[in-house]
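Undergrad: Here it is, the structure, as structure tokens.
Just so it is clear, none of the values below were taken in a lab; they were calculated from the coordinates. Since the structure is predicted, the reported quantities are computational estimates derived from the model, not experimental observations. All Cβ positions, even for glycine, are placed from backbone atoms using ideal geometry, and neighbour counts span all protein chains on display.
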Amino acid sequence: MSFDTYGLSPALLRALADQQYTIPTPVQSAAIPLVLAGHDIMAGAQTGTGKTAAFTLPLLERLYPNGKRDPAARKARALILTPTRELAAQVQDSVRNYGKHIGMKSATVFGGVGMGPQIDALRRGVEIIVATPGRLMDHMQRRTVDLSGIEILVLDEADRMLDMGFLPAMKRVIGALPTNRQTLLFSATFSTEIKGLAAQFMRTPQEIQIAKPNSVASTVTHRVHPVDGESKRDLLLHLLNSEAQQTLVFCRTKHGSDKLTKQLGQAGLRAAAIHGNKSQGQRTRALADFKSGRVHVLVATDIAARGLDIDQLPMVINYDLPMVAEDYVHRIGRTGRAGIEGVAISLVSRAEEGLLRDIRKMLKQDIAIVNVEGFEPTHALRLDGPSSGASRPSQPARGQHARRPHVQAGRGSGEHAAANKKRRPFRGGKPAVART
């Protein structure tokens with residue numbers, strides 16, 4: 001199977017050839033024909049499966065048959081909603097890359113940056129809008145965006161948008177769109193709320209399930225290093241100095257991320273932090289520096305778990321275990337992509353035993369427990385006790401972003417914000433991170 005078999009326009013095939021992509025991924029093979037046929041779809045797919053191209057390519061083909069566009073077109077025809085600023089920016093990059101030989105106009109609308117440039121772009125006329133719900137609501141309230149011509153709606157990572165409290169905003173946005181439209185919903189899981197959303201706003205959607213919920217790539221090696229809490233930083237430094245490769249490190253809180261980044265810098269490592277308290281400019285620079293190799297370690301909170309498009313990242317380290325077991329899957333989904341092997345390491349103290357039990361129960365598999373010489377914990381981990389009861393924490397730790405499915409999203413809120421070139425599986429993302 002190749003992209004040539006779908007009847008895509010020469011303009012789109014040329015864009016794919018520019019990036020030397022020929023083989024569709026499973027989600028692309030399943031979704032593209034259905035979207036081209038005009039169906040609404042509900043697709044269960046994790047990040048890293050090529051889902052961005054699974055909706056972008058057929059969306060462009062339906063809007064611009066044979067790669068032709070109307071030069072006089074000014075009204076927006078497609079809306080793509082994403083949970084975070086980073087994901088919105090990456091989807092916009094994909095739209096531009098695949099549509100570069102069509103000449104269409106697109107714009108991103110998200111918080112953390114000024115409204116002025118977005119208003120100017122919308123007034124000049126765009127055909128595709130990539131937006132986060134909070135900032136799009138701002139534009140709707142100011143009447144600076146016209147959604148009356150939307151033909152295709154994409155809800156990307158719908159479960160994450162619900163987790164961030166965007167359900168009321170999503171309903172309001174969808175309610176403002178024409179009812180005679182095509183809706184494409186992509187989600188890692190299909191919760192009751194998502195099924196209810198689909199029942200209310202979609203027309204007999206075709207369901208696609210690429211991977212089991214909470215499944216992890218077989219190319220990821222999981223490892224736990226038990227350690228006393230006060231020795232975590234030293235163990236992390238030991239691992240980073242032993243493994244000369246780029247690493248994404250997850251912390252539980254924004255303050256903890258900043259503190260750890262400073263300590264890594266003092267130890268001589270090139271590190272940067274990315275979390276919700278950083279400005280959009282700071283977040284963009286940190287990610288760009290990490291992708292280019294100028295930064296060796298990127299320290300992040302869970303804002304980055306499902307919003308970062310990083311191909312071929314060799315290692316992810318959980319400095320703190322996530323409070324919600326499902327977030328472990330989304331964190332380590334940054335590594336082991338495109339058939340490339342990756343390593344997911346968790347530094348676990350006695351205080352996190354329950355969280356580790358939650359993760360093992362969710363994955364339905366054991367995780368190797370490996371002591372590191374010189375960092376053996378005072379007490380061994382107990383893995384046969386009760387779970388933490390933190391799968392859906394009602395009271396998050398200070399500074400932590402937890403799941404809040406029923407929180408009203410306010411104005412502008414919630415935007416925290418083996419392959420070779422000849423037959424390389426297409427992932428729909430940015431170029432691979434250069435190894436250091």
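Undergrad: Find the eigenvalues of the gyration tensor of the Cα atoms of segment 62-177, then list the square roots of 5 times those eigenvalues as equivalent ellipsoid semi-axes, largest first, in whole angstrom.
TA: Working: eigenvalues 97, 48, 37 Å².
They are 22, 15, 14 Å, listed largest first.
Undergrad: Quick one: which residues, 5+ away or cross-chain, put their amide H under 5 Å from the amide H of Phe250? H built at 1.01 Å from N.
TA: The answer is Ala300, Ile317, Asn318, Tyr319, Asp320.
Undergrad: Fewest to most neighbouring Cβ within 10 Å: what's the order for Asp384, Asp4, Asp289? Write down the numbers at each step before the final one.
TA: Numbers: Asp384 6, Asp4 10, Asp289 15.
Fewest-to-most Cβ neighbours within 10 Å comes out as Asp384, Asp4, Asp289.
Undergrad: Here's something else I'd like to know. Calculated FRET efficiency, Ser242 and His101, Cβ-Cβ r, R0 30 Å, to nearest 0.05? It would help to have the intermediate numbers written out before the result.
TA: Values: r = 46 Å, r/R0 = 1.53.
The formula returns an efficiency of 0.05 here.
Undergrad: With a Förster radius of 35 Å, plug the Cβ-Cβ distance of Thr144 and Lys68 into 1/(1 + (r/R0)^6) and report the FRET value to the nearest 0.05. Can you show the working numbers first?
TA: On the way: r = 29 Å, r/R0 = 0.83.
Taking R0 as 35 Å, the efficiency between Thr144 and Lys68 is 0.75.
Undergrad: Now for a different question. Provide Tyr21, Tyr6, Tyr328 in ascending order of the number of other Cβ atoms located within 10 Å of each residue's Cβ, fewest first.
TA: Details: Tyr21 23, Tyr6 19, Tyr328 27.
Listing Tyr21, Tyr6, Tyr328 from fewest to most nearby Cβ atoms yields Tyr6, Tyr21, Tyr328.
Undergrad: By counting other Cβ atoms within 10 Å of each Cβ, how are Met161, Met140 ranked from fewest to most?
TA: Details: Met161 25, Met140 16.
Exposure proxy ranking, most exposed first: Met140, Met161.
Undergrad: Where in segment 94-132 does the amide nitrogen come within less than 17 Å of the point 7 Å from the Cα of Gln282, taken along Cα to Cβ?
TA: Residues 111-114 qualify, since their backbone N sits under 17 Å from the label point.
Undergrad: Sorting check: for 274-285, 91-102, which peptide has the highest mean count of neighbouring beta carbons within 10 Å, and how do the rest follow?
TA: Details: 274-285: 18.3, 91-102: 19.9.
Put in order of decreasing packing, that is 91-102, 274-285.
Undergrad: Okay, moving on. Using per-residue counts of other Cβ atoms within 10 Å, averaged over each peptide, order 149-159, 200-210 from highest down.
TA: Working: 149-159: 23.2, 200-210: 15.2.
So the peptides 149-159, 200-210, ranked by packing, come out 149-159, 200-210.
Undergrad: Tell me the label-point distance for the pair Asp228, Gln263, using the 7 Å Cα-to-Cβ offset, in nm and rounded to one decimal.
TA: Label at Asp228, label at Gln263, 1.4 nm between them.
Undergrad: How far apart, in nm, are the 7 Å Cα→Cβ label points at Glu376 and Lys361?
TA: 3.1 nm
Undergrad: Nearest 0.05, what FRET efficiency do Arg203 and Ser292 give at R0 = 51 Å with Cβ-Cβ as r? Walk me through the numbers before you get to the answer.
TA: Numbers: r = 44 Å, r/R0 = 0.86.
E(calc), rounded to 0.05, equals 0.70.
Undergrad: So, one more: I need the per residue convex hull volume for segment 123-197, using only the alpha carbons, in cubic angstrom as a whole number. The partial results should precede the final answer.
TA: Working: hull volume 6.8 nm³, N = 75.
Per residue, the Cα convex hull of segment 123-197 comes to 90 Å³.
Undergrad: Work out how far the C-alpha atoms of segment 220-369 reach from end to end along every principal axis, then list the three figures in whole Å, largest first.
TA: Result for segment 220-369: principal-axis Cα extents of 39, 36, 29 Å.
Undergrad: Mind putting together the pair-distance distribution for segment 3-209? All Cα pairs, 10 Å bins, whole percent per bin, short to long.
TA: Whole-percent P(r) values from 0 Å outward: 8, 38, 39, 14, 0.
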